[in-house]
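Just so you know, all these numbers are worked out from the coordinates, no wet-lab data involved. Note that the structure is predicted; figures quoted are calculated from it, not measured. Here Cβ is always computed from backbone atoms with ideal geometry, including for glycine, and neighbour counts include all displayed protein chains.
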Amino acid sequence: MASTRPGTILQQKVQARRGLMVAGASNALTARLIQQLGFEAVYLTGAGITNTFYGVPDLGFISLADLAQHTAATRDAVDLPIIVDADTGFGNALNVRHTVRTLERAGANAIQLEDQVMPKKCGHFSGKAVIPAAEAASKIKAAVDARANEDFLIIARTDARAVEGFEAALERAALFAENGADITFVEAPESLDELRRIPQALRVPQVVNVVIGGKTPTLPAAEFATMGFGLVLYANAALQSAVHGMTVALERLRDTGRLDEDSGLVASFAQRQQLVQKGLFDDLDKRYSV
């Protein structure tokens with residue numbers, strides 16, 4: 001019988017290497033919309049949480065407590081497998097162990113760890129730095145050892161492409177796989193040739209991160225699947241579209257002094273209540289009323 005465990009389902013889909021499309025969420029509401037639209041997994045984005053929760057750039061400002069809170073809220077909102085962006089793991093190998101245990105208890109099914117120097121930067125920013133490869137590998141090993149369930153996936157990301165070059169990034173990803181990473185992630189390749197080489201060069205499934213406006217070429221998901229990527233990640237597509245939508249709607253309100261449901265610029269009141277499951281809570285209220 002097929003497993004219904006989110007982690008096992010995610011593991012099987014990634015192992016197929018058919019370019020599983022994963023959309024990113026910065027909060028539980030977005031995660032629920034992603035589920036309603038039929039996506040098969042959700043990525044809890046560190047950049048998105050940083051931008052929306054604090055209104056600052058992705059420069060390592062969120063804490064493990066912030067991330068655990070958002071993970072738990074997202075787990076309560078959706079049944080999908082949840083991949084959590086855990087940045088650098090919030091410290092050394094011992095901190096990574098604590099991070100894995102905390103986020104697994106909060107409801108994550110996979111976490112992504114990267115090899116940047118703390119505090120980290122967005123993978124498509126300039127001026128990044130990476131820790132020594134051996135130190136990064138020890139953090140991946142600590143993460144693997146810390147998980148309680150074998151279907152809790154460890155995604156090991158390297159940002160070395162921008163610092164040490166593409167070949168060094170491939171070497172780091174291979175080292176991370178040797179230390180138990182289930183999936184590796186070469187961040188910010190800058191050409192089609194580099195994209196094609198990544199799945200061919202590495203034995204474990206790979207992530208391609210499509211940052212809209214970023215350094216990596218944007219291709220149809222089917223092309224990434226043909227290349228052999230396990231995950232095609234659009235971490236902040238929802239956030240960028242939300243910022244655009246809010247800007248357009250608020251400009252209309254500012255300029256005209258009015259904004260209606262029939263403007264085509266906002267979700268209806270009914271749509272909003274449906275998304276937050278108002279009907280469910282009405283039924284519960286009736287059930288428990290005295």
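When a footprinting reagent is the concern and you count Cβ atoms within 10 Å, what order do Leu170, Leu67 take, fewest first? Intermediate results must be reported in sequence, preceding the final value.
Working: Leu170 20, Leu67 24.
The fewest-first ordering by Cβ neighbours comes to Leu170, Leu67.
So what's the angle, to the nearest 10 degrees on a 0 to 90 scale, between helix 192-201 and the longest Cα principal axis of the chain?
Approximately 70 degrees, to the nearest ten.
Hey, if you drop one equal point scatterer on each alpha-carbon of the stretch 190-290 and run the Debye formula without solvent, what base-10 log of I(q)/I(0) do you get at q = 0.12, 0.13, 0.15 Å⁻¹?
Results for the stretch 190-290 at q = 0.12, 0.13, 0.15 Å⁻¹ read -0.69, -0.74, -0.80.
Treating the angle as unsigned and between 0 and 90°, give the value, to the nearest 10°, between the Cα long axis of helix 64-77 and the longest Cα principal axis of the chain.
Once rounded, the angle reads 60 degrees.
Applying the Karplus parametrisation 6.51 cos²θ - 1.76 cosθ + 1.60 with θ = phi - 60° to the phi angles of the stretch 155-167, what ³J(HN,Hα) value in whole Hz is obtained for each residue in order, glycine and proline being reported as x?
So the Karplus estimates, Gly and Pro as x, are 9, 9, 9, 10, 9, 6, 3, 7, 10, 10, x, 5, 4 Hz.
Given the Cα atoms of the stretch 29-164, and with Rh set as the inverse mean 1/r over their pairs in the Kirkwood sense, what is Rg to Rh to two decimals? Provide the component values of the computation, followed by the final result.
Details: Rg = 14.4 Å, Rh = 15.1 Å.
Ratio value, two decimals: 0.96.
Using packing as a proxy for protection, rank 276-284, 53-61, 198-206 so that the peptide with the highest average count of other Cβ atoms within 10 Å comes first. Don't skip to the answer; put the middle values down first.
Numbers: 276-284: 11.2, 53-61: 13.9, 198-206: 18.9.
So the order, starting with the most tightly packed, is 198-206, 53-61, 276-284.
When Lys and Arg each count +1 and Asp and Glu each count -1, what net charge do the other residues less than 14 Å away from Arg105, Cβ to Cβ, add up to?
Numbers: positive: Arg75, Arg97, Arg101, Arg147; negative: Asp76, Glu104.
Result for the neighbourhood of Arg105: +2.
Under the rule of at least 5 residues apart or a separate chain, name every residue whose amide H is placed under 5 Å from the amide H of Val130.
Here Val117 satisfy the definition.
Can you give the Rg to Rh ratio of the chain, both from alpha-carbon atoms, with Rh computed by the Kirkwood formula? Present the calculation step by step, with values, prior to reporting the outcome.
On the way: Rg = 19.7 Å, Rh = 19.8 Å.
Result: Rg/Rh = 1.00.
From the backbone phi of the stretch 237-252, what are the Karplus-calculated ³J(HN,Hα) couplings (6.51 cos²θ - 1.76 cosθ + 1.60, θ = phi - 60°) in whole Hz, Gly and Pro given as x?
Working through the residues one at a time gives 4, 5, 5, 5, 5, 5, 4, 5, x, 4, 4, 5, 5, 6, 5, 4 Hz.
Using amide H atoms built 1.01 Å from N in the peptide plane, name the residues 5+ places from Leu153, or on other chains, whose amide H lies under 5 Å from its own.
Sorted by chain and number, the residues that satisfy this are Ala110, Ile111.
Which whole-angstrom value gives the distance between the alpha carbon centres of the stretch 97-150 and the stretch 44-84?
One Cα centre to the other: 15 Å.
Working from Cα positions, state the angle (0 to 90°, nearest 10) between the long axis of helix 93-106 and the longest principal axis of the chain.
It is inclined by approximately 30 degrees.
Which is farthest toward the positive dipole end of the chain among Gly279, Val290, His244, measuring Cα position about the Cα centre, with Cβ charges +1 (Lys, Arg) and -1 (Asp, Glu)?
In the chain, that residue is Val290.
Starting from the amide H of Leu20, placed 1.01 Å from N in the peptide plane, find each other amide H under 5 Å away whose residue is 5 or more places distant or on another chain.
For Leu20, the qualifying residues are Leu231, Val232.
Within a 10 angstrom radius of the beta carbon, how do His98, His244, His124, His70 rank from fewest other beta carbons to most? Don't skip to the end; give the middle numbers.
Values: His98 15, His244 10, His124 18, His70 25.
Listing His98, His244, His124, His70 from fewest to most nearby Cβ atoms yields His244, His98, His124, His70.
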